[in-house]
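Engineer: One structure, pasted below without further comment.
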Amino acid sequence: MLRKGFKYFVLKSSLLILLSVSCVSQNYTKIHLIKDKSKGKGLEYTYKVKDSTDLNFINIKYKEDMGRISSVQYTLKEKLPDGRYKVYVNNRLVLNGIIKNNSKEGTWTSFNNLLEKQLTPYRNGKVHGVIKEFYKDGAIKRETHVQANKIIFRTTFYKKGKVKTQEQFKNGRCVEIRKFNTKGKRIKANNGL
């Protein structure tokens, strides 16, 4: 009798663990977009949602220039429910982050068309901290220091890791640029901004 009870307990415990792991791993909203070649003139591609319910979470906007559509982009809607959001384009993850109190919070991960990764820190919906961008191979490409959506300092790197440029900002404007060659030696830069 004790053996049967023990087997039942182990089976029940395993099932509960499996269910809780499954729920934790699915605790995010997936948004699927399809990037298609455009049939319209002047527009290279367009975005469509895979499932119409994804339109509850994302906006697809077209920009016009002199009456012609010049580009298309997607953005998350405002006032989304709290939780993690993952945006996929053609089944490839392009954006991943958390919404808390209707604002982006924590570090958001994004990937561009070249599969280069960017980590953007948010605090109360504003970019705050160091934005890190990486080359496809994982080497650091750029670090941008930001406080409450304002750029303070930016460093770009060569693929081998040496500093390429350093830019100092004041009131949203670049006030100083320092440039370096591939060996790390400072070279002349235009600071008459």
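Engineer: In contact with a Lys or Arg (Cβ under 9 Å, 6 or more places away or on another chain), modelled with pLDDT of 80 or more and exposed (fewer than 13 other Cβ atoms within 10 Å of the Cβ): does that describe residue 83?
Structural biologist: Considered against the rule, which asks whether it is in contact with a Lys or Arg (Cβ under 9 Å, 6 or more places away or on another chain), modelled with pLDDT of 80 or more and exposed (fewer than 13 other Cβ atoms within 10 Å of the Cβ), residue 83 comes out as yes.
Engineer: Additional query: Quick one: count up the residues across the range 123-133 that are open to solvent by 40 Å² or more (accessible area, probe 1.4 Å) and assigned to a strand (DSSP E or B).
Structural biologist: 4
Engineer: Name the residue, out of 96, 113, that is polar (S, T, N, Q), within 28 Å of residue 78 (Cα to Cα) and outside any strand (DSSP E or B).
Structural biologist: It is 113.
Engineer: Continuing with this model, one more query. Condition check: part of a strand (DSSP E or B) and either of a type in the set (Gly, Ala, Ser) or at pLDDT below 95 (or both). Does residue 143 satisfy that?
Structural biologist: No: the conditions fail for residue 143.
Engineer: Quick one: in the range 165-193, which of the residues that are charged (D, E, K, R) and not in a loop (DSSP other than H, G, I, E, B) is least open to solvent (accessible area, probe 1.4 Å)?
Structural biologist: 167
Engineer: So which residues in the range 38-51 are open to solvent by less than 60 Å² (accessible area, probe 1.4 Å) and modelled with pLDDT under 85, if there are any at all?
Structural biologist: 38, 40, 43, 46
Engineer: If you don't mind, another one. Take the conditions in a strand (DSSP E or B) and open to solvent by 70 Å² or more (accessible area, probe 1.4 Å) and apply them to residue 35. Does it pass?
Structural biologist: no
Engineer: Out of the range 147-159, which residues are surrounded by 15 or more Cβ atoms within 10 Å (Cβ to Cβ) and basic (Lys, Arg)?
Structural biologist: 154, the sole residue that qualifies.
Engineer: Among the listed residues 120, 144, 107, identify the single one that is of a type in the set (Val, Ile, Thr) and open to solvent by 70 Å² or more (accessible area, probe 1.4 Å).
Structural biologist: Sole residue among the options that is of a type in the set (Val, Ile, Thr) and open to solvent by 70 Å² or more (accessible area, probe 1.4 Å): 107.
Engineer: Then there is this: Would you confirm, using the coordinates I've provided, whether residue 28 is open to solvent by 50 Å² or more (accessible area, probe 1.4 Å), at pLDDT 60 or above, among the aromatic types (Phe, Trp, Tyr) and closer than 30 Å to residue 105 by Cα?
Structural biologist: yes
Engineer: Moving on to the next point. Do we have residue 153 as touching a Ser or Thr at 6+ places or on another chain (Cβ under 9 Å) and free of Cβ contacts under 8 Å to residues at least 60 places away in the same chain here?
Structural biologist: Criteria met by residue 153.
Engineer: Would you check which residues across the range 73-93 are on the phi > 0 side of the Ramachandran plot and either outside any strand (DSSP E or B) or more than 16 Å from the chain's Cα centre (by Cα) (or both) and list them?
Structural biologist: 79, 90, 91
Engineer: Between residues in the range 74-89 that are under 20 Å from residue 112 (Cα atoms) and residues that are open to solvent by 70 Å² or more (accessible area, probe 1.4 Å) and of a type in the set (D, E, K, R), which pairs lie under 6 Å by C-beta distance while being six or more apart or on different chains?
Structural biologist: Qualifying pairs under 6 Å: 86/30.
Engineer: So which of 162, 136 is touching a strand residue (DSSP E or B) at 6+ places or on another chain (Cβ under 8 Å), within 19 Å of residue 116 (Cβ to Cβ) and open to solvent by 90 Å² or more (accessible area, probe 1.4 Å)?
Structural biologist: None of the other options fit; the residue is 162.
Engineer: Got a number for residues in the range 54-72 being under 26 Å from residue 28 (Cα atoms) and in a strand (DSSP E or B)?
Structural biologist: Number satisfying all stated conditions: 5.
The values are calculated or read from the model by the stated rules, or taken from the named source; none is laboratory data. Everything numeric in this text was worked out from a predicted model, so none of it was measured. Every residue, glycine as well, gets a Cβ built from its backbone with ideal geometry; the counts of neighbours run over all protein chains shown. The area values use the complete protein model at the heavy-atom level, side chains included, leaving out ligands, DNA and RNA. Shrake-Rupley method; radii C 1.70, N 1.55, O 1.52, S 1.80 Å.
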